[in-house]
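Asker: My structure is below; once you've seen it, I'll send some questions.
The values are calculated or read from the model by the stated rules, or taken from the named source; none is laboratory data. Worth saying up front: this structure is predicted, and the values here are computed from it rather than measured. All Cβ positions, even for glycine, are placed from backbone atoms using ideal geometry, and neighbour counts span all protein chains on display. Heavy atoms of the whole protein, side chains included, go into the accessibility calculation; ligands, DNA and RNA do not. Shrake-Rupley method; radii C 1.70, N 1.55, O 1.52, S 1.80 Å.
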Amino acid sequence: MRRHERLDLLAIAVLAFLCALWGVQQVTVKVAVAQGLPPVLQAALRSAGASVLCALWIGARGGGGLRGAFGDLAAARAGLLLAVLFAAEFVAIYLGVRITSASRAVLFIYTAPFFTALGAHVFLPAERLRAVQAAGLAVAFAGVVATFAEGLLHGGGHLTGDALCALGGALWASTILIIKASPSLRRTTSAGLLLYQLAGSAPLLLAASWALGEMAAPLHASLLAWTCLFYQTAIVAFASYLAWFWLLMAYPATRLSGFTFLTPMFGILAGGLLLGETLSAGLLVGLAAIIAGLRMINRPAPAVA
């Protein structure tokens, strides 16, 4: 595959479209819950369905099939840890989305780059933060604190949901750090990494759904709920993630990462337009601070003459 040094119009268009898809996902979770599909069960069915699609895609491409995609035994052990963290991440996110607004949920979930930068600074010596990145970390943290403080005005439900979504962002960051720190996972294909997380998390999420009592009563989910689940499964967890991996292989990661900050904006707009959620001044100020800080964190290092 040809490697590009800059983002062309195709890459920019695909990135913007992906961010819009990711931003809308939290709206579909809330709608599906309201239409009778419990949150953690949604996450389990999403992982199971997307893992089947991913496995079929890997098989259709050839090149060693599933065995070639998964890598060696060391990668399998690390992949099991990824699956556990991935499952915990989506338990936190889906429970959080149920009790906070979709607008606030997407903002806190996409604090993941903040946690990634902080974790890399602590655990990965090669990725220590420069002064401008440390300042960006402080700005982003101030935005998180401001948004949490604003959530206190809406009562405990919002605050608990916000905290769960932020925990989901931290767990997402932990999976990124494990991939960065594991030589065996770095040798695994992108589709293999995705399948580790999807297939490994599905039984764990089903067990969590059962433990939470979501399966105690028969399902009475509407057609709209199943449509939302299809969106989460086929469009987001399968197709959009594969498109993201394609971009990562073809374009510089530092340039791509800046565009992911569009996702909270799309999510907040979707929450306002589709669910009628209030776009408070505090929420928008927190969003602006987080985006500004994360852009500083992801600023590439100056070229050495």
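Asker: Criterion first (over 22 Å from Ala270 (Cα atoms) and over 13 Å from the mean Cα position of the chain (by Cα)) does Leu95 satisfy it? First the steps, then the outcome.
Answerer: Working: over 22 Å from Ala270 (Cα atoms): no; over 13 Å from the mean Cα position of the chain (by Cα): yes.
Considered against the rule, which asks whether it is over 22 Å from Ala270 (Cα atoms) and over 13 Å from the mean Cα position of the chain (by Cα), Leu95 comes out as no.
Asker: Can you find even one residue in region 184-191 that is touching a residue at least 40 places away in the same chain (Cβ under 8 Å), in contact with a Phe, Trp or Tyr (Cβ under 9 Å, 6 or more places away or on another chain) and closer than 22 Å to Ala43 by Cβ?
Answerer: Checked region 184-191: at least one residue is touching a residue at least 40 places away in the same chain (Cβ under 8 Å), in contact with a Phe, Trp or Tyr (Cβ under 9 Å, 6 or more places away or on another chain) and closer than 22 Å to Ala43 by Cβ.
Asker: A follow-up question, please. Do you know which residues across region 96-133 are crowded, with 24+ Cβ neighbours inside 10 Å and of a type in the set (D, E, K, R)?
Answerer: Residue satisfying the conditions is Arg104 alone.
Asker: Okay, next question. Out of Phe148, Phe141, report the one residue that is of a type in the set (Phe, Trp, Tyr), farther than 19 Å from Thr116 by Cα and surrounded by 15 or more Cβ atoms within 10 Å (Cβ to Cβ).
Answerer: Phe148
Asker: Kindly indicate whether any position in region 219-230 is in contact (Cβ under 8 Å) with a residue 60 or more places away in the chain, under 12 Å from Leu37 (Cβ atoms) and of a type in the set (S, T, N, Q).
Answerer: Yes, region 219-230 has at least one match.
Asker: Still on this structure, please answer the following. Hey, among the residues in region 15-47 that are surrounded by fewer than 19 Cβ atoms within 10 Å (Cβ to Cβ) and more than 15 Å from the chain's Cα centre (by Cα), which one's nearest to Glu214 (Cα to Cα)?
Answerer: Only one residue fits best here, namely Gly36.
Yes or no, residue by residue, for (1) at pLDDT below 85; (2) over 21 Å from Ala120 (Cβ atoms); (3) open to solvent by 60 Å² or more (accessible area, probe 1.4 Å); (4) not in a helix (DSSP H, G or I):
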residue: Ala173; (1), (2), (3), (4): no, no, no, no
residue: Leu198; (1), (2), (3), (4): no, yes, no, no
residue: Ala208; (1), (2), (3), (4): no, yes, no, no
residue: Met215; (1), (2), (3), (4): no, yes, yes, yes
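Asker: So how many residues does region 175-196 have that are open to solvent by less than 30 Å² (accessible area, probe 1.4 Å) and closer than 19 Å to Val236 by Cα?
Answerer: Number satisfying all stated conditions: 7.
Asker: OK, next. Quick one: is Phe123 among the aromatic types (Phe, Trp, Tyr), under 23 Å from Ala191 (Cβ atoms) and modelled with pLDDT under 85?
Answerer: no
Asker: Moving on. Output the residue which, of all residues in region 235-251 that are open to solvent by less than 20 Å² (accessible area, probe 1.4 Å) and more than 15 Å from the chain's Cα centre (by Cα), is modelled with the highest pLDDT.
Answerer: Leu247
Asker: Let me ask something additional. Kindly provide the set of residues from region 271-285 that are in a helix (DSSP H, G or I), in contact (Cβ under 8 Å) with a residue 12 or more places away in the chain and open to solvent by 10 Å² or more (accessible area, probe 1.4 Å), ordered by number.
Answerer: So in region 271-285, the residues in a helix (DSSP H, G or I) come out as 271-275, 281-285.
Remaining after also requiring in contact (Cβ under 8 Å) with a residue 12 or more places away in the chain: 271-272, 274-275, 282-285.
Across region 271-285, the qualifying residues are Gly272, Leu274, Leu275, Gly282, Leu284, Val285.
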